[in-house]
Structure formats: structure tokens, C-alpha cells
Amino acid sequence: MPQTAAAVAELPQGAPVAQPQGSEFTPLLRTVKDRGLLGRRHGWYALTIAVNTLALAGLVTGIVLIGNSWWALLLAPLLAVFSARTAFIGHDAGHSQITGNRSAGRLIGLIHGNLLLGMSFAWWNEKHTRHHANPNDIDKDPDVLADVLVFTSGQARDRVGFRRWLTRHQAWLFFPLTLLEGIALKVHGFQDLRRQTPRERAVEALLLVTHVVAYVTLLLTSMSLGKALAFAAVHQALFGLHLGLAFAPNHKGMEMPDPSGERWGHLRRQVLTSRNIRGAVLTDWFLGGLNYQIEHHLFPSMPRPHLRLAQPLVRAHCAELGIPYAETGLVDSYRQALGHMHEVGEPLRTR
């Protein structure tokens, strides 16, 4: 039996919701709990946050010390990499992976999202919760709604004007467009302030403005206006590209539930719509643990270092039930995702 939409929607914020007795998910959940894989890893996250904070502080110090020199631009790619690490920490905080205390988790998210990145933690959490509840559902998942990109032939048919041109070439434009994602995330955060409660809005807005002021002040007091603009452009573009590289392989080109068809239970809904990426420690680090997308969607509150440990359990359970378990290499994952977007735009290129 499937979970209710309301129950699933709560998953990213706390512990996984168990399926009714006899469901496909229940035995796997029981095994994972028995192995202690839903337990917190406070020490691991404390070390991760400390290392990331020191790296960011070192990069800021480097910018100040190098000063008004084009050599400072060499630090922009490094800052982009550690900005992505910061985003991954905020992502984990939103899923209650770091701590079960909601207030502490929100504080961590606000610091790493709003203050350090200028990206609204509340906006991201609300959007991401809806994605986790109904991945790849064209009616409910905000990540596959028709916007700059489209993901179904039905969405493509409705495109007109410039957006129609975008859809025809969206596979080729995908990664260039991610260069704008760093700025887009900030804009979405400010726009979302209107949705938030007055109390939440006051905190979020203060931290977002503080980030912008601090970022602009750092660059303009360290280098000339031209160099500051060049640094910001490189940093934000590579930050957006890094996030695009991390999120693109996860669901694009995977199953998309038929809104009028059979309702899937939690196990099938999350497994059939997600794709894992093979790799080792470097892949885990570069993708922030999102390479274990299947395990992450099944157990959103599972700490990042436990995802690798849960993978063989999930794979074996899916094999026992005859449920396809998608896993591929990083490069092939991009080929599959871009191939799907290319196929969606095909009818518009033949007219």
C-alpha cells in the first residue's frame, strides 16, 4: 500500500515514515534500522563543517592578501568548489541528517544557506520537500515543471517563441545554462520572502542581505571594480556548474509516474525515478553523497556517510523484488540525462 502524500512530504525533514505492515518498503526499513544506519553522525558532520569553514576562511584571507591582482581570480574556482560543499551541508541540514533537533538543523541551514551562500534555506527546503514527496511527477515535482527546461513531449508541445527555441536545443544548452544557476538561486531566495511568515521573513532577509553586503564589500575592498566583477562572474558561474553537475544525473531520463496510472508505493516511487552514480571516495566528495540518490530518496534523514553502507542492502532488496536498480558511471549519467532532453526536443526540430 502506498503512503499518503502528506506522510511522504514530511520525509526530508525527519525520520523516514514506515510503510504499513506488509509493504515492500517495511522489511528494508527494518533491516536498515537494525544496522543502525539511521543513527546520527555528529562527529563526522562536526569535522566536515569545521574543515569547510577553515577552507572558506583561508580563501577569504587569500583574497584579501593577494589584493588588487588578477592572480586573485585563481581562487575563484576553489571558492566555487567549497561553496558547493557549503550547499551540500545546508542540504543535509534540511533533511535532518546532521541533527534531529529541528531548531539546530534550521540554524545550520540558515548559516550555510542564507549567510554563506545568499541562498534561502526556507525556499530550498519547501521546494525540495515537494520534490522528495513526488519525484519526477510532472504535476507535483517542482524540479520537472515546465520552465527554462522541459522534460516531457507534452510540455514541449506548448512551447512558443524563445522558449520553443530553447527546448529545441536544451540538451546542448543545459550545462551553459547551469553557469547562471548560482545567481538564479539567490534571486529565487529573495522572491520567496513574500511567501514566508513575517518572523521567518525577517530572519531570512537579514541573513540574505548580510551575505550580499559582505560579499560585495570583500571584493570591492580587495580589488578594483573590473577585477571584482570578473572574480564574481567566475565564482558564481563555476558554483552553478558544480551544482548542475551534482544534480543533473539524479532523475533526468528516469521513469516519470503516470498521474492517471497506478500509484506506486514509497519504495518503487523513489527507486524507479532515481539513478545512482558509481564511484569511490572522490565521487562521494565531489557529488556530496548525492551519487547515492536511490538510498537518499528512500531514507532522506540518513547521514551522508551511511548511504554507501546502505547501498548493498537496498540493491539486494530491489533484486529480490525484481525492481530495476539504476546505477551507472558519471559520464554515462550525463549522456543519459542529456539524451532524454534531446529526445524531448526532437519534435520541435523536425517541424
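The values are calculated or read from the model by the stated rules, or taken from the named source; none is laboratory data. The model shown is predicted, which means the values in this text are computed figures rather than measured ones. As a convention, Cβ positions derive from the backbone with ideal geometry for all residues, glycine included, and neighbour counts pool all protein chains shown. Please note that ligands, DNA and RNA were not included when accessible areas were found on the heavy atoms of the full protein model with its side chains. Shrake-Rupley method; radii C 1.70, N 1.55, O 1.52, S 1.80 Å.
Is it the case that some residue within region 125-132 is open to solvent by less than 10 Å² (accessible area, probe 1.4 Å) and touching a residue at least 12 places away in the same chain (Cβ under 8 Å)?
The answer is yes; a qualifying residue exists.
Out of all the residues in region 248-269, is one or more in contact with a strand residue (DSSP E or B) (Cβ under 7 Å, 6 or more places away or on another chain) and closer than 16 Å to Phe151 by Cβ?
Yes, there is a match, as at least one residue in region 248-269 is in contact with a strand residue (DSSP E or B) (Cβ under 7 Å, 6 or more places away or on another chain) and closer than 16 Å to Phe151 by Cβ.
Out of the residues in region 79-126 that are among the hydroxyl-bearing types (Ser, Thr, Tyr) and in a helix (DSSP H, G or I), state the one that is modelled with the lowest pLDDT.
If we take residues in region 79-126 being among the hydroxyl-bearing types (Ser, Thr, Tyr) and in a helix (DSSP H, G or I), then Ser103 is modelled with the lowest pLDDT.
Please enumerate the residues belonging to region 33-57 that are in a helix (DSSP H, G or I) and surrounded by 13 or more Cβ atoms within 10 Å (Cβ to Cβ).
Within region 33-57, Lys33, Trp44, Tyr45, Thr48, Ile49, Asn52, Thr53, Ala55, Leu56 meet the criteria.
Filtering region 78-124 down to residues that are within 19 Å of Ala214 (Cβ to Cβ) and among the aromatic types (Phe, Trp, Tyr), which residue is most open to solvent (accessible area, probe 1.4 Å)?
My answer is Phe82.
Please go through region 218-245 and give me each residue that is open to solvent by less than 20 Å² (accessible area, probe 1.4 Å) and either within 16 Å of the chain's Cα centre (by Cα) or among the charged types (D, E, K, R) (or both), ordered by number.
Hits for region 218-245 are Phe239, Gly240, His242, Leu243, Gly244.
For every residue, the table says whether it meets (1) closer than 18 Å to Thr48 by Cβ; (2) assigned to a helix (DSSP H, G or I); (3) out of contact with any helix residue (DSSP H, G or I) (no Cβ under 9 Å at 6 or more places or on another chain); (4) of a type in the set (Val, Ile, Thr).
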| site | (1), (2), (3), (4) |
| --- | --- |
| Ser274 | no, no, no, no |
| His296 | yes, yes, no, no |
| Val314 | no, yes, no, yes |
| Ser333 | no, yes, yes, no |
| Leu338 | no, yes, no, no |
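If a residue must be within 24 Å of the chain's Cα centre (by Cα), open to solvent by less than 60 Å² (accessible area, probe 1.4 Å) and within 11 Å of Leu28 (Cα to Cα), how many such residues does region 314-336 contain?
1
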